[in-house]
1. Considering (1) under 28 Å from residue 274 (Cβ atoms); (2) in contact (Cβ under 8 Å) with a residue 24 or more places away in the chain; (3) open to solvent by 50 Å² or more (accessible area, probe 1.4 Å), say which one residue 193 fails and leave the rest.
2. If residue 79 passes every condition in (1) out of contact with any Leu (no Cβ under 9 Å at 6 or more places or on another chain); (2) open to solvent by 20 Å² or more (accessible area, probe 1.4 Å) but one, which one does it miss?
3. So is residue 289 more than 22 Å from residue 77 (Cα to Cα), at pLDDT 70 or above, crowded, with 17+ Cβ neighbours inside 10 Å and not small (Gly, Ala, Ser) or not?
4. Check the stretch 91-102 and report whether any residue there is surrounded by 15 or more Cβ atoms within 10 Å (Cβ to Cβ) and within 30 Å of residue 292 (Cα to Cα).
5. Would you call residue 284 at pLDDT 75 or above, closer than 26 Å to residue 68 by Cα, β-branched (Val, Ile, Thr) and touching a helix residue (DSSP H, G or I) at 6+ places or on another chain (Cβ under 9 Å)?
6. Which residues, counting only those in the stretch 198-224, are open to solvent by 80 Å² or more (accessible area, probe 1.4 Å) and at pLDDT 80 or above?
7. Sort through 79, 62, 74 and tell me the only one that's in contact (Cβ under 8 Å) with a residue 40 or more places away in the chain, more than 17 Å from residue 235 (Cα to Cα) and of a type outside the set (D, E, K, R).
8. For a quick check of your reading of the model, give me the residue pairs whose first member lies in the stretch 17-46 and is closer than 24 Å to residue 289 by Cβ, whose second is part of a helix (DSSP H, G or I) and among the small types (Gly, Ala, Ser), with beta-carbon atoms closer than 9 Å and at least 6 apart or on different chains.
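The values are calculated or read from the model by the stated rules, or taken from the named source; none is laboratory data. Being a predicted model, the structure only gives us computed values, none of them experimental. All Cβ positions, glycine included, derive from the backbone under ideal geometry; neighbour counts span all protein chains shown. Side chains included, ligands, DNA and RNA excluded: accessible areas come from the protein's heavy atoms. Shrake-Rupley method; radii C 1.70, N 1.55, O 1.52, S 1.80 Å.
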Amino acid sequence: MNFSSVNGSFIVAASQRDTFTTAVTKNVIVAALCISINYINGTLVHTFRKHRVFSLSSRYILFIHLVINDMMQLTLSTLLHIISYTLRTINVPFCLILLIVAITNTLNTPLNLAGMAVECYIAICIPLRHGQICTVRNTYVLIGLIWAAGAISILPDLFILLVTEPLQFFHSESLCSRDKVFRSTYSMKKRDTSHIVCLVLVWLTLFYTYFRILFAAKGATVNSKKARNTILLHGFQLLLCMLVYVGPMFKQGLLFLLPQQKLHIDFAIHVFIQILPRFVSPVVYGLRDQMFRRHVRRYLLCKVSTSNQRTRPQ
């Protein structure tokens, strides 16, 4: 399995170039989607900050961390996409910073989904211990561990890069792609192994929590049904995350069928794999939750009412 696109950017091949009009159109589409989705996500973050009830719940803290992580990942993905069309190559140290954050964001998503599934399991199967285990402090500790896991995952790649690359490489410019920077064979083997292990552990966590809730809950209560549906949605979100990893194989299949459409295939894969999945979190989790939806609607209606009052003639 090829995990080469995990940095969130499909770089245009050096031997092919879009026309100026086509390149501008593609970048405008990508930027518009990024701004629109981040605006929706930003509204959710603002709602979370304005209402203290959310900051006291581990469920909402993990959810808003997922939203913020998606915003960062989408922003970096869009930035790398635009750079690939405009600057083409950038300074290697600056590219390293972008790639490290993007790679960490990519790993954070499945780990965060696993944490949300465990929280659902505790709430349904161990309700008397939920208040002791899923405290605000423990939730932030978990978020710190998620980021630490991402940082630890990329550290071996950095060490391999420092050992295998000459000093001149760090003073040069390069296409900002993971394969172009972390190009050692050892890095690729380590990357594939670590991602497979991570995804297997997350899938096992989702299956375990789902079936424990399914068999442990007494009767088809509303809460147990909602928890099972939520974990199924976590699985759906994880499947979308895995599109990043199967993207290269999907791309090769499309190139076999349409060998003359490489640039358009790259763009379509970038949109469907890197951008649109970021739209799932606010729609599925934020607007699906009744309390969150009520506060978001109240905030939006308040903004519309205020705007109408300002524009009303005196």
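1. (2)
2. So residue 79 meets the others, but not (1).
3. Values: more than 22 Å from residue 77 (Cα to Cα): yes; at pLDDT 70 or above: yes; crowded, with 17+ Cβ neighbours inside 10 Å: yes; not small (Gly, Ala, Ser): yes.
Yes, satisfied.
4. The initial filter retains those residues of the stretch 91-102 that are surrounded by 15 or more Cβ atoms within 10 Å (Cβ to Cβ), namely 91-92, 95-96, 98-102.
Within this subset, residues satisfying the condition of being within 30 Å of residue 292 (Cα to Cα) are 101-102.
Within the stretch 91-102 (the criterion being surrounded by 15 or more Cβ atoms within 10 Å (Cβ to Cβ) and within 30 Å of residue 292 (Cα to Cα)), the answer is yes, since at least one residue qualifies.
5. Numbers: at pLDDT 75 or above: no; closer than 26 Å to residue 68 by Cα: yes; β-branched (Val, Ile, Thr): yes; touching a helix residue (DSSP H, G or I) at 6+ places or on another chain (Cβ under 9 Å): yes.
No.
6. Looking only at the stretch 198-224, we keep the residues that are open to solvent by 80 Å² or more (accessible area, probe 1.4 Å), and these are 201, 204, 207-208, 211-212, 215, 218, 222-223.
Once the filter is applied, which keeps residues that are open to solvent by 80 Å² or more (accessible area, probe 1.4 Å) and at pLDDT 80 or above, the stretch 198-224 yields 201, 204, 207, 208, 211, 212.
7. Values: 79 fails: in contact (Cβ under 8 Å) with a residue 40 or more places away in the chain; 62 fails: more than 17 Å from residue 235 (Cα to Cα).
Going through 79, 62, 74 in turn, the sole match is 74.
8. Between residues of the stretch 17-46 that are closer than 24 Å to residue 289 by Cβ and residues that are part of a helix (DSSP H, G or I) and among the small types (Gly, Ala, Ser), the close pairs are 40/286; 41/281; 41/286; 43/286; 44/281; 44/286.
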